[in-house]
Number of protein chains: 2
Amino acid sequence: MQDCIIIGSGPAGISAALTLWANGKSFMLFGRADLSDKITKAELIRNYPGLSLVTGQAFCEALQAQLSEAKIAVTEEKVLGVYALNGKFGVSTKEGGYYESKTVILALGVETVKTIEGETEFLGRGVSYCATCDGFLYKGKTIAVLCTNKRYEHEVAYLADLAETVYLIPTYKGVELARENIKILRKMPVKIEGDQRVETLVFSAPPAEGAEARLKIDGVFALRESVSPAVLLSGLETENGHVRVTRDMQTNIKGCFSAGDCTGRPYQYAKAVGEGNIAAHAVTAFLRDGDQE
Amino acid sequence: MQDCIIIGSGPAGISAALTLWANGKSFMLFGRADLSDKITKAELIRNYPGLSLVTGQAFCEALQAQLSEAKIAVTEEKVLGVYALNGKFGVSTKEGGYYESKTVILALGVETVKTIEGETEFLGRGVSYCATCDGFLYKGKTIAVLCTNKRYEHEVAYLADLAETVYLIPTYKGVELARENIKILRKMPVKIEGDQRVETLVFSAPPAEGAEARLKIDGVFALRESVSPAVLLSGLETENGHVRVTRDMQTNIKGCFSAGDCTGRPYQYAKAVGEGNIAAHAVTAFLRDGDQE
C-alpha cells in the first residue's frame with residue numbers, strides 16, 4: 001500500500017510529488033505524461049518566481065525533466081473513483097486498475113465546463129463518465145455524449161459503434177468524427193431528467209433546427225478531463241464547486257487532502273505549487289501521527 | 001500613495017511583487033538587495049517545481065534577475081513600524097523614511113530567535129530595535145544588546161561609543177568586536193523586568209563566571225533581521241508567533257495581508273511563493289472592491 005496517491009499532474013500534483021519524494025514517502029502520481037493542457041497552452045507565465053517570462057511549454061518541460069531526475073513516474077490512468085475505506089483509500093481507474101493508499105491528495109484542477117443539473121443524481125443510472133466501461137449497456141439505444149476534448153473522440157466512435165443514435169455535444173471546435181448516426185448539437189443541455197433512470201435531456205431552447213428542446217435519451221456520457229471532486233469521492237465537501245480545505249489543505253475527509261485550482265482561486269501556478277507543497281507536508285505529518293497512535 | 005507596500009524580500013515577498021507587477025499595481029518592496037539570508041544559505045533545494053536541485057545561491061540569482069527584468073527595485077530600508085491609519089497604512093523605516101500605501105503585505109519570514117518575555121511590554125520604555133534611533137538615550141548608561149547577525153556589529157559599536165557598559169549577547173559565532181566596555185555573554189536572557197521602565201535582565205542562571213543571574217540595566221537593544229509581526233503592527237493577531245491569516249491571506253486588520261514563513265509552517269519556498277501570489281491577488285481584489293464603494 002502506498003503512503004499517498006496523488007491525483008492530477010498539474011503544478012499542484014507535481015509539487016506534492018516532489019515534496020513527498022524529498023520526504024521519502026511512497027506514492028503514485030496519476031495524470032498524463034504531457035502533464036496538463038492548461039500548462040502547455042499557457043502563452044507566457046510572467047509571475048512564477050524563479051523562471052522569468054517562461055512559456056507554458058518550457059515550464060512543462062522543466063517539470064518533466066525534474067520528475068525524470070527524481071525518477072517519479074506518472075501513472076497514465078484516468079481515475080474514476082476514490083473510496084474512503086476504513087483508514088485507507090481505494091482508487092479505481094478507467095483502465096481497470098485498483099490501487100490503495102493511506103492518504104490521497106486531490107489535485108484535479110478545475111473544469112471550465114460545469115456539471116449539468118441531474119448529472120450527479122443519475123450517475124450510474126444512465127449517466128456515465130466512461131465509454132469503454134458502460135458503452136455496452138447502450139447497444140441499439142439513443143445516447144447523448146458531452147465531450148470536452150478531441151482526445152476523447154475515439155470513445156465517441158466506440159459508443160457510435162454500439163448505440164443507434166448518438167447526440168454529440170462538443171465544447172471544442174473542429175470535430176473530426178463523421179458518422180451517419182452521430183448528430184452534432186452545438187448547445188449545452190441545462191438538465192437531465194428521469195424517474196428511476198435518465199429519460200430526457202433538457203435544453204433551454206431547441207439545440208438544432210427541427211429538434212426538440214427535450215430530447216428522449218437512454219443515457220448520457222460526459223467525457224471530460226477530470227471528474228468533479230464530489231463525484232470522484234463521495235461525501236467530499238465542496239463550496240461553489242471548489243473542494244473545501246483548511247489552511248493546511250485538509251478536506252472534510254480524514255486523510256484526504258487537496259491542492260491547486262480545485263480548491264479555489266486564484267488559478268495560478270505559484271498558488272498551486274504552494275498548496276501542493278503544504279498538502280505533502282500535511283500528508284507527512286498525518287502519516288507520522290498515525291504511526292504514533 | 002502606493003497601492004501596496006510589501007515588507008520582506010524573501011520568496012513570498014518576491015512572489016507578491018511579481019504578481020502585483022503583472023496586475024499593474026503600484027507598490028514598494030522593502031528588503032535587501034541580496035534578498036534573504038535564508039535563501040542564499042540553502043544548500044540544495046530539492047522540491048521547488050521548475051528548478052531541479054537548485055542551490056540557494058542559484059535560486060536567489062534567478063529571483064534577482066527576474067526582479068531586474070521586471071524593473072522591480074528593492075527598497076533597502078529596514079521597516080520599524082507599520083501603522084494602520086484611517087483606510088491607509090503608514091510605514092516608517094530605521095533610515096528615517098516614511099511611506100504610505102492602501103494595503104500592506106507582511107512577508108517577514110520567521111526569526112529563529114524568539115522575543116524575550118517583557119520585550120513587547122517595555123518597547124519604547126527601555127527596549128529598542130534601533131541603535132541609531134535611540135542610542136543617544138543611553139549615554140553613560142548600562143545596556144544589553146541582543147544581536148543575531150555580525151551585520152549589526154557596527155550598531156553595537158555605535159552603542160558602545162555612547163554607553164558606559166554594553167552586555168553583548170550574540171546568537172552567532174565569531175564576534176569581531178573587542179572593546180573594553182563590551183562584555184560578551186553567551187546565554188540568552190529569559191525575561192526583562194522593571195516597574196515603569198526596564199530595570200533588570202533576568203537569566204535562568206548566571207550568564208558568565210562571577211556574573212549575577214539578574215543584571216541591572218537601563219536599556220535593551222534587540223538587533224535582529226526583522227521585527228516580530230505583532231510589534232511591527234500593533235493589534236495584529238498572531239498565534240504561536242505566526243500571523244493569523246485566512247485562506248486568502250488576510251490578517252485581522254483590513255487591508256493587511258501576510259504571506260510566507262511568518263504565517264506558519266511548512267517553511268518552504270513553494271509554500272511561500274504560493275502565499276505571496278494569493279496575497280497579491282487578494283490585494284488586487286481589495287483595491288478593486290474599495291474603488292467600487
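Where a number appears in this text, it was derived from the coordinates with a stated rule and is not lab data. All figures in this text were calculated on a predicted structure; none of them were measured in a lab. Cβ sites come from the backbone with ideal geometry, for glycine too, and all protein chains shown count toward neighbours.
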Checklist entry - Can you put A:Ser15, A:Ser204 in order, fewest other beta carbons within 10 Å first? => result A:Ser204, A:Ser15
Item to check | Residue-averaged 222 nm ellipticity for chain B, from DSSP H runs of 4+ at -39500 (n - 2.57), nearest 500 | outcome: -7500 deg cm²/dmol
Checklist entry - On a 0 to 90 degree scale, rounded to 10, what angle separates helix B:269-292 from the longest Cα axis of chain B? => result 70 degrees
Checklist entry - GNM on chain A, C-alpha springs below 10 Å: top fluctuator among A:Phe59, A:Phe257, A:Phe30? => result A:Phe59
Item to check | Neighbour-count ranking [beta-carbon atoms within 10 angstrom, fewest first] of A:Ser258, B:Ser26, A:Ser226, B:Ser36 | outcome: B:Ser26, A:Ser226, B:Ser36, A:Ser258
Item to check | Gaussian network model of chain A, Cα within-10 Å springs - most flexible of A:Leu146, A:Leu232, A:Leu85 | outcome: A:Leu85
Checklist entry - What residue of chain B has the nearest C-beta to the axis that moves B onto A, and what is that distance in Å, given as a whole number? => result B:Gly274, 1
Checklist outcome for this item: The residues A:Val166, B:Val231, B:Val202, B:Val156, sorted from fewest to most surrounding Cβ atoms within 10 Å, come out as B:Val202, B:Val231, B:Val156, A:Val166
Checklist entry - If you put a point 7 Å past Cα along the Cβ direction, how far is that point for A:Lys254 from the same point in each other copy, in nm, smallest first? => result 4.2
Next on the checklist: So the label point sits 7 Å from Cα along the Cα-to-Cβ vector; using that for A:Thr120, what distances do you get to the other copies, in nanometres, sorted shortest first?
Outcome noted: 4.2
Checklist entry - Taking the Cα centre of region B:127-223 as origin and charging only Cβ (+1 Lys, Arg; -1 Asp, Glu), how large is the dipole, in debye to the nearest 20? => result 260 debye
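Across the residues of A:262-270, average count of Cβ atoms on other protein chains within 10 Å? If you can, show how the numbers build up before the last one.
Numbers: counts 0, 1, 3, 5, 10, 1, 9, 5, 17.
The per-residue average across the peptide is 6.
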Checklist entry - Cα convex hull of the protein assembly as shown: mean projected area in nm², to one decimal? => result 31.6 nm²
Checklist outcome for this item: For region A:195-278, listing GluC sites (Glu not before Pro) in a DSSP loop whose Cβ sees at most 15 other Cβ atoms within 10 Å gives A:Glu209, A:Glu212, A:Glu237
Next on the checklist: Could you give the length gained by full extension between B:Gln64 and B:Asp248, i.e. 0.36 nm per residue of separation minus their alpha carbon distance, to one decimal place?
Outcome noted: 63.6 nm
Checklist entry - Taking chain A as a Gaussian network, Cα atoms linked when under 10 Å apart, which of A:Ala279, A:Ala84, A:Ala211 shows the biggest mean-square fluctuation? => result A:Ala211
Item to check | Residue pairs, from the table B:Lys150/B:Lys191; A:Lys25/A:Lys78; A:Lys271/B:Lys254; A:Lys38/A:Lys173; A:Lys173/B:Lys271; A:Lys271/B:Lys38, whose Cα atoms sit over 26 Å apart | outcome: A:Lys173/B:Lys271
Next on the checklist: Just to confirm the number: angle between the C-alpha axis of helix B:11-22 and the first principal axis of chain B, 0 to 90 degrees, nearest 10?
Outcome noted: 40 degrees
Checklist outcome for this item: Inter-copy distances for A:Val202, nm, shortest first, label points 7 Å along Cα→Cβ, are 7.2
Checklist entry - What residue among B:Gly174, B:Gly210, B:Pro189 has its Cα farthest toward the positive end of the dipole of region B:127-223, where the charges are +1 on Lys, Arg and -1 on Asp, Glu, each on the Cβ? => result B:Gly174
